[in-house]
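Contents: one structure, followed by commentary.
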Amino acid sequence: MYKKRAISVILIIVMLISLAFQPAGADDELEKAKQEKQNIDNQINQVKNQKKNELNEKAQLEAEKNNLLNTEKKENEEYENLLNEINELEKILEEVEQALKEAEENYENQVNQFKAHLSAMYKNSNETILDIILESKNIIDLLERIELISLLSKRDKQIIDQLKTAKEDVEYKRRTYLEQKAELQEAIREKKNRLESLKASRASVESQLQETQRKIEILEKQEKELLAKSEEISNLIKTLSTRKKYVEGQMIWPLPSSTRITSTFGTRRHPILRYIRTHTGIDIAASSGSNIVAANKGTVIVAGWQGSYGNAVIIDHGGGISTLYGHCSKLLVKVGQEVEAGEIIAKVGSTGLSTGPHLHFEVRVNGEPQDPLKYVSY
Ligand SMILES: [Zn+2]
């Protein structure tokens, strides 16, 4: 009875100790990471939605800009046509002015000619028609004079009237053309204003477009940063979940084709560095290119160049236990990859600080190298 109670007390103490030695708050940490990931994924969705809105806005603004450009093009063509029209009109006006000048000159000439006729006939241009009549020598002379005057004046008057009509006609044309010109000038002014207002609208749309583009770039940068963060946390979650507890099962020998151990774990003289140091694993000699297999299932946490280890793979088996495979000639796995016990992960080589092809195999518990022969046998 007494003995049984002592055993149960010991059991309770052992349980408490084992609880105390569990990775501190690993579950909390995992939960926190999961929440943070949720949070970041929400933010990513928000940013994506914002970006979508801005992209819609951008498309709308671009359509608006194109419309404005088309309208501007059309209005500009109309403006050019108006300018051509007014140029044509100016030419016509110049001709009309010239014609008017000629008509006026013709008219003046004819009037002067008429005056000249009269004065040639009667020497003294101050003489009135009454004087002319009174100067007549006799009735015949008088009649002749009257007839002559009336004939002359009739002919001259006809010509003068014709010229006057011609002059008036040209003057009328000139007035009409000047009115047309004024109308065209007004239309040109209006068109110019319209073009200016179109340009102003376009400038405003363009500046809005720039602002939208700037927002999109900022959102894209945010999205990229958030995605990187999310991936980082995903990896952390993976690591935290896999590290939770050790995968089950006994480790197997990592080099199926050879059991020739050329160096054991512990203190030795290093073959290259030539000083006494602790050998952190075992060396198993094999020909270059031989298969290296995973000692147990787990997650690849390192696959790449590791300084003196050369090309190396580290597999996390959970519970703080990991295995390392060094000096490989070729790596066949990637970081994050899940592997099964016995799965080929690399090929034997002599990369890094090595004197010949062999596998340097380590077993670590919480990062501390252990004697692998306590874990594997052949
Ligand atoms: Zn070694």
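With Cβ to Cβ distances under 11 Å as the rule, what net charge do the other residues near Lys115 carry (K, R +1; D, E -1)? Result for the local shell: -2. Rounded to the nearest 20, the size of the Cβ-charge dipole of segment 21-244 about its Cα centre is 1100 debye, with Lys and Arg at +1 and Asp and Glu at -1.
The accessible surface of segment 21-244, taken with every protein chain in place and a 1.4 Å probe, is 48 percent carbon and sulfur.
Only the Cβ atoms of Lys and Arg (+1) and of Asp and Glu (-1) were treated as charged; on that basis the dipole of segment 261-374 about its Cα centre amounts to roughly 400 debye. Between the C-alpha center of segment 332-375 and that of segment 193-226 there is a gap of 56 Å.
Here the accessible area is traced with a 1.4 Å probe on the protein chains. For segment 261-374, carbon and sulfur cover 50 percent of it.
Once the 1.4 Å probe is applied to the protein heavy atoms, segment 222-366 comes out at 49 Å² accessible per residue. Taking Cβ atoms as reference points and 13 Å as the exclusive limit, the residues near Pro369 contribute a net charge of 0, counting Lys and Arg as +1 and Asp and Glu as -1. Ordered from longest to shortest, the equivalent ellipsoid semi-axes for segment 242-378 are 22, 16, 14 Å, each the square root of 5 times a Cα gyration tensor eigenvalue. Computed on protein heavy atoms with a 1.4 Å probe, the accessible areas place Ser329, Ser263 in the order Ser329, Ser263, largest first.
Solvent-accessible area of Val335, probe 1.4 Å, all protein chains present, reported in Å² to the nearest ten, please. Its accessible surface works out to 100 Å², give or take rounding.
For a Förster distance of 30 Å, can you work out the FRET efficiency between the beta-carbons of Lys137 and Lys164, rounded to the nearest 0.05? In this case the efficiency is close to 0.25. Among residues other than Leu359 with Cβ under 14 Å from its Cβ, the summed charge is +1 (Lys and Arg +1, Asp and Glu -1). Say R0 is 30 Å: what FRET efficiency, to the nearest 0.05, do Lys224 and Asn56 get from their beta-carbon distance? Efficiency for this residue pair is about 0.90. Of the cross-linked pairs Lys91/Lys199; Lys58/Lys215; Lys51/Lys215; Lys238/Lys330; Lys115/Lys164; Lys115/Lys173, those separated by over 20 Å at the C-alpha level are Lys91/Lys199; Lys238/Lys330; Lys115/Lys173.
The values are calculated or read from the model by the stated rules, or taken from the named source; none is laboratory data. Since this is a predicted model, take the numbers as computed values, not measurements. Neighbour counts run over all protein chains shown; Cβ positions are idealised from the backbone, glycine included. Heads up: the accessible areas ignore ligands, DNA and RNA and are worked out on the full protein's heavy atoms, side chains in. Shrake-Rupley method; radii C 1.70, N 1.55, O 1.52, S 1.80 Å.
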